[in-house]
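What follows is a set of notes on a single structure, which appears directly below.
Readers should treat all values here as calculations from the given coordinates under stated rules, not as data from a laboratory. Keep in mind that this is a model prediction, so the values were computed, not measured. Heads up, the Cβs are rebuilt from the backbone with ideal geometry, glycines too, and the neighbour counts pull from every protein chain shown.
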Protein chains: 2
Amino acid sequence: MANEHESAKPHRITISTVAAALGVAVSTVSNAYNRPDQLSAELRERVLAVAAELGYPGPNPVARSLRQQRAGAVGVLFAERLPYAFRDPAALMVLEGIASTLEQAKLGLLLVPGRDDDTTTVQQALVDGFIVYSMMDTDPLVEAALKRRLPTVLLDQPPRPDVPSIIVDDEAGARMATEHLLSLGHRHFAIITDRLIETHVRPSHAPINVQTHSEATFFVTQLRLQGYRQPLEQAGIAWSDVPIYDCNDNNEADGAAAIQILLARTPRPTAILCLTDRLALGAITGAQQAGYNVPEQLSIVGFDDIPQATRITPALTTIRQDHRQKGLSAGQALIELLAGQSPTSYQRLAVELVVRDSTAAI
Amino acid sequence: MANEHESAKPHRITISTVAAALGVAVSTVSNAYNRPDQLSAELRERVLAVAAELGYPGPNPVARSLRQQRAGAVGVLFAERLPYAFRDPAALMVLEGIASTLEQAKLGLLLVPGRDDDTTTVQQALVDGFIVYSMMDTDPLVEAALKRRLPTVLLDQPPRPDVPSIIVDDEAGARMATEHLLSLGHRHFAIITDRLIETHVRPSHAPINVQTHSEATFFVTQLRLQGYRQPLEQAGIAWSDVPIYDCNDNNEADGAAAIQILLARTPRPTAILCLTDRLALGAITGAQQAGYNVPEQLSIVGFDDIPQATRITPALTTIRQDHRQKGLSAGQALIELLAGQSPTSYQRLAVELVVRDSTAAI
DNA sequence: CGTTTTTTCTGTAACGTTTCAGAAGTATAG
DNA sequence: CTATACTTCTGAAACGTTACAGAAAAAACG
């Protein structure tokens, strides 16, 4: 019965509700939360007590963000469909690296959803900057992110002027893989890739021919294909003679399906270059199920060196890249950008050939 | 030389910069972005053109959020250290489920970092609600999240009044695992758990005794231990005779280390109950390395049924739970909450015993 | 006791939008 | 030609903070 003269009950309790209840200025309440040294300990106690009593949830973060011009979070643009982010082992290591640096800087990590036909989520993301990772080169979401004019770092994307980029030397890696197989005496190659052409325009599941390659819409895919191509041609193998099978998705099942088709061709390939380890793992099991011995009859090399590469039998020969470091570098670059520094605008990370048991001389 | 009379250059371009440049009201510019039907197409074109020319990045999302009272994102509180989120296969499936529902609702997923000695990240997270998942029962971050008074869903947490909870029937699952082993004739049990006691208070790596169990600070840990205990005691096995080894972390290496210690005890256990599949996988390889045959000499059962459980030899007997569904349910519940509906406040998901090859009669 | 310094508290102007009632102008109906 | 209804645009009031300059009170100084 004490406070029933409060006829107009403000459903939303704000800093001024608390201030009014105490008969004190709003700035004092604000200070109680943010600048304890600006008011007496006694009053601060009182403010906090009344706030708790009224159920005041503390200063509204959005209002604070508006005032302070910072959101305390970084947006990560990755993959067309958000849930896939959690399936790809290589991507996860990258995300882990990003998360590590952001955590140290006390920044949140906002996974931004968004189909390419609706960029509003990107436009409205409450973030201080973006990391763009492994998006299709032409994805409108990337444009939308850049249009925000926030500090942004590109990772595994085609570099742009004025935007720091971190890329991996995918082309060199692909070259190493190819040269390794060539040095083992292989002459009949095939390639398994994924999402080289957008799914809805891909006519069939037959290996595609060389002309269509130019449609490659993922930067790293282009780099890797380029890296395969050069040593092959140098060895006198026509690029147009190399069948390329384009999977719908980067996973083991698609890799296993691909290898079946490729092994049915004449001449039968003896060396398979896979754009990712997941495809390679699928190719190994697919080949084994079809009765082929790896590596005796068929050499397979992957790309990424994910943890599972060592667990399969035969262990996968592949190109190692430091996924975690990729994430760390991207996060670090963005944090420097946010601090007003200008990071080295272009970082290229090295790769390394790891020879295991899935490749052998012919 | 056209616009050099603009002496005061506003470094920050806002909606009113654009409005001033056009000699038009700010609300008109706002409408150009948000309510195309509220102004003539011709003027809208002009607004957008001038905006582009000035480099206006579009309406500031934070200001918009303040006005509209929504952030368009959901905070996920998970694990003490953010990067670990990307390592645990079970957790990833849960996150995938959460991400799926949020994506459909066009909501971002904010991973909130935060050590328990600093809750500011939680207090300042720009979100419309929280999902709290697998946090230590006493973690101050959970308190901080609840204090925000936003719609919140608890997942694998001790239920609280007024907060919708989604839990898994961990206790029943643990009972099933135990009964399975008992029915195979086992009498000498041991348990491998993780983080039963906070790392810094744990005295040594010896198996801990029964009294300390009450300190269990993870809700699901408590449930599972309880589920192990009951059928054992019912079978006349004293709980205090069951050694429990507490690992530092939920991973294979710790599981492998644990099994070494446990196998050295007298009487040597013939049945190992592992709180998670990762620990169980480690226990299997650890036991094999120590020269024991699984399941002939040692039966091991896990919990979670992660994908890797089928890939190991022998394939792991375990308790299956639908991780993805957990995430979906949590996301769905939160979305309903955000829409002002009240979801069923308490959901309990079922589990299932999956018998594979890591358990056998004694 | 008058000055200066320090402590404690206040008022107000941003921060950049959206919303909404309504003004002004233009088309439609009777 | 007047009354009515649209269209198109405007102005001002929120949204909930924080920063900053300064007022008032208290403490320290000479």
### Query
Which ordering of A:322, A:162, A:156, B:357 is given by a fewest-first count of other beta-carbon atoms within 10 Å?
A:162, B:357, A:322, A:156
### Task
Give me D for segment B:170-320 in µm² s⁻¹, whole number, from Stokes-Einstein with Rh from the Kirkwood sum over alpha-carbon pairs, 4 °C and 1.567 mPa s.
87 µm²/s
### Summary
Computed about the Cα centre, the charge dipole of segment B:220-362 from +1 Lys/Arg and -1 Asp/Glu charges at the Cβ has a magnitude in debye, to the nearest 20, of 100 debye
### Most positive-pole-ward Cα, B:145, B:247, B:292, against dipole of chain B from beta carbon charges
B:145
### Query
Quick one: helix B:219-234 against the long Cα principal axis of chain B, what's the angle to the nearest 10°, folded into 0 to 90?
20 degrees
### Query
Taking Cα atoms, how many degrees apart are the long axis of helix B:252-263 and the longest axis of chain B, rounded to 10 and kept between 0 and 90?
20 degrees
### Query
If you average over every viewing direction, what projected area does the convex hull of the Cα atoms of the protein assembly as shown give, in nm²?
39.9 nm²
### Task
With runs of 4+ DSSP H residues as the only contributors, calculate the mean residue ellipticity of chain B at 222 nm using -39,500 (n - 2.57) per run, divided by the residue total and rounded to the nearest 500.
-11500 deg cm²/dmol
### Task
State, to one decimal in nm and shortest first, how far the label point of residue B:106 sits from each corresponding label point in the other identical copies (label point: 7 angstrom along Cα-to-Cβ).
3.3
### Task
Estimate the FRET efficiency between residue A:38 and residue A:292 by the formula 1/(1 + (r/R0)^6), using the beta-carbon distance for r and 56 Å for R0, to the nearest 0.05.
0.15
### Summary
Helix B:89-104 sits off the longest principal axis of the Cα atoms of chain B, rounded to the nearest 10 on a 0 to 90 degree scale, by 30 degrees
### Message
For chain B, set up a GNM with springs between Cα atoms under 10 Å and report which of B:84, B:33, B:346 has the largest fluctuation.
### Response
B:33
### Query
Convex hull over the alpha-carbon atoms of chain B: what's its volume per residue in Å³?
180 Å³
### Query
To the nearest 0.05, what FRET efficiency results for residue A:45 and residue B:26 with a Förster distance of 41 Å applied to their C-beta separation?
0.45
### Query
Could you give me the ³J(HN,Hα) list for segment B:17-32, computed from phi with Karplus coefficients 6.51, -1.76, 1.60 and θ = phi - 60°, whole Hz, x at Gly and Pro?
4, 5, 4, 4, 4, 9, x, 9, 6, 4, 4, 5, 5, 4, 5, 4
### Message
Only four residue types carry charge here, +1 at the Cβ of Lys and Arg and -1 at the Cβ of Asp and Glu. Report the dipole size of the protein assembly as shown about the Cα centre in Debye, rounded to the nearest 20.
### Response
820 debye
### Rounded to 5, percent antiparallel among DSSP beta bridges of chain B
15 percent
### Task
Go ahead and set up a Gaussian network model of chain B, Cα springs under 10 Å, then flag whichever of B:283, B:79, B:51 fluctuates most.
B:51
### Message
Quick check for me: using +1 on Lys/Arg Cβ and -1 on Asp/Glu Cβ, what's the dipole size of segment A:281-351 about its Cα centre, in debye to the nearest 20?
### Response
80 debye
#### Entry: Most mobile listed residue (B:59, B:231, B:243) in chain B, GNM with C-alpha springs under 10 Å
B:59
### Query
Over segment A:15-67, what is the mean sequence separation of C-alpha contacts under 8 Å (at least six apart), divided by residue count, expressed as relative contact order in percent?
35 percent
### Query
How many lysine pairs in the protein assembly as shown, separated by 8 or more positions in sequence or lying on different chains, have Cα atoms less than 21 Å apart?
6
#### Entry: Signed unit charges on C-beta, dipole axis of chain B, positive-most listed residue B:269, B:256, B:354
B:354
### Query
If you take the alpha carbon radius of gyration of segment A:252-362 and divide it by 2.2 N^0.38 Å, what ratio comes out, to two decimals?
1.36
